[in-house]
1. Can you tell me the length gained on complete extension of the stretch Thr208 to Ser444, counting 0.36 nm per residue apart and subtracting the Cα distance?
2. If Lys and Arg each add +1 and Asp and Glu each add -1, what is the summed charge of the other residues whose beta carbon sits under 12 Å from the beta carbon of Val196?
3. Please give, to one decimal in nm, the separation of the simple spin-label points placed at Asn176 and Arg314, each 7 Å out from Cα toward the Cβ.
4. So who's got an amide H within less than 5 Å of the one on Gln191, skipping anything under 5 residues away but keeping other chains? H placed 1.01 Å off N, in plane.
5. Would you mind computing, in nm to one decimal, how far apart the modelled labels at Ala468 and Glu272 are, each placed 7 Å from Cα along Cα→Cβ?
6. Find how many whole Å separate the alpha carbon centroid of region 193-211 from the alpha carbon centroid of region 271-290.
7. What FRET efficiency comes out for the pair Glu307/Ser330, r = Cβ-Cβ distance, R0 = 30 Å, nearest 0.05?
8. For Ser218 and Ile246 in one chain, what is 0.36 nm times their gap in residues minus the Cα-Cα distance, to one decimal in nm?
Amino acid sequence: MQEHSSHLTYACVAAVVSLGLYVFGPSLPSFLSGVPEHEKTLKGMRASKYTVGLINNANDCFANSSLQALASCSELRKYLEEDDHTDQPLTRSLRDTINELNTPILKAKAISPWPFLHVLEAIYKSRISRSQHDAHELLHLILETITNEYERKIKSSTEQNSTDVGKEKEQESARNFLSFEGTTKDIIRCQRCRNVRTSKATNFIILTLNVPEKWSTSLDSCLANLLSTEQISDYGCQSCRLKALIAKLEVSPLVQSQKEQIGVREKTESDEIPDIQCDEFGFLEYLKQLDPNADLDAKVESQLPKEVLSTITRTTLIGHLPNLLILHLSRSLFSSTATRNSCRVSFPELLTVFASRFIDTSSGIEGMCIYKLVALVKHTGTHSTGHYECYRRKEMFGHILEEYNDRVNELNSSVLIKDQVGSEQHTQPSASISEDEKQKTMKSMFKKFTGGKNWWRISDEKVWESSADEVLRQTQSVYLLLYQAMTPEEIESAKLQGKL
């Protein structure tokens, strides 16, 4: 009996030990080594195989692809992380969503886009229907709302510290361009009076390019068409109409009579506009002082002869190039019904924009801007139905990014030697390393992170690794292109790799 009790005790102890090993066993190596298990797993696996996807419950691909594209833009993330964005609900929600999408993961994971979309619905007090929508329209609405929230913040801060005098100028000086904002302006040349007029700068968030009805074209050609010179007939040139009105009044008998009675009238600096009914001569003298390119008062504009028409040329220029250049390829064709233009549009991974070609050099921007493609949204299907997907350039994160940066710094500058005794740090020049060795090391580190494929293809919850070659083959379905200005270091690296 005693022997049986002893065996039973041993059996119970063994069961408890076994259960303990089963429950706590997996964490024992981490406990003994002092290294958390998730960090060991991260170092043992390649964290770039997956990125967080977005759930599609019903026609959500238009929102999913737009959010994934924005998550790839580090220039946008800089602004989102600047502060808490108090009283900027959509800006905060976009920041939180992008942070979730960029969380390093080791296995497939997806989140819902609707917490973000519900914020958008609340702002505009409307519901997003579950039918199919346009990704371009949503992307524009998101960025426009973020811009509006930013402008309200600037206006609020300047109003608290300003008087009414000069308040508008203070707001303009305090307002910086957001990373995705650019400007265009038109140069109008009249073929009749030879007057040249430059329009006021117009802000753009997304630059729309018309895709021609042909088998194939290039992105460079679409840009050139937008920024080319076009001739327009039957245009109401303000300068021509002002000159015609002056010429008409100069031969008016009433003006001649008033001129003889009054004599030569001295020019005044008064802003008051003479009444043409009572003082034609005074009104004529006022017209002669006007700048033909300035905005005219309604009293003057109403007197301009609308029948005077001219032929002009109009040239569109980009005044301010954004750090994040978003291009929309308009593929809509309208006749009796709306159809989709399937023209193949080739586009580069690196886009060079020359100041002498695409922008007005008088704007103060010199040289050129070199962009790299960071995201692409494609659309397959018809004009009214179909599916959106996003291609995102991989970014290095976690321990591999720290390792990569340390190695790059070591190769490009100096080796950091930390004094084992004190806390002082000393630098000593690194050994002479050839450019070929630097490039081989950088490529090796990047391949270690990417597995040789430096893009993700994302279709809602599904994520595949992809290559730059596959991305550049999406010529027939490319719809939105997100290009980000390259840093001097990136430009130098691209030159060493022969990409520039």
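1. Computed gain between Thr208 and Ser444 is 81.1 nm.
2. Taking every other residue near Val196 into account, the sum is +3.
3. Between Asn176 and Arg314, the simple spin-label model gives 3.4 nm.
4. When sequence neighbours closer than 5 places are left aside, the close amide H contacts are Thr311, Ile312, Thr313.
5. In this crude spin-label approximation the distance works out to 7.0 nm.
6. Cα centroid of region 271-290 versus Cα centroid of region 193-211: 33 Å apart.
7. 0.30
8. Length gained, Ser218 through Ile246: 5.2 nm.
The values are calculated or read from the model by the stated rules, or taken from the named source; none is laboratory data. This one's a predicted model, so the numbers in the text were calculated from it and none came from an experiment. Backbone-built Cβ (ideal geometry, glycine too); neighbour counts: all protein chains shown. Quick note on the areas: whole protein, heavy atoms, side chains included, nothing else; ligands and nucleic acids left out. Shrake-Rupley method; radii C 1.70, N 1.55, O 1.52, S 1.80 Å.
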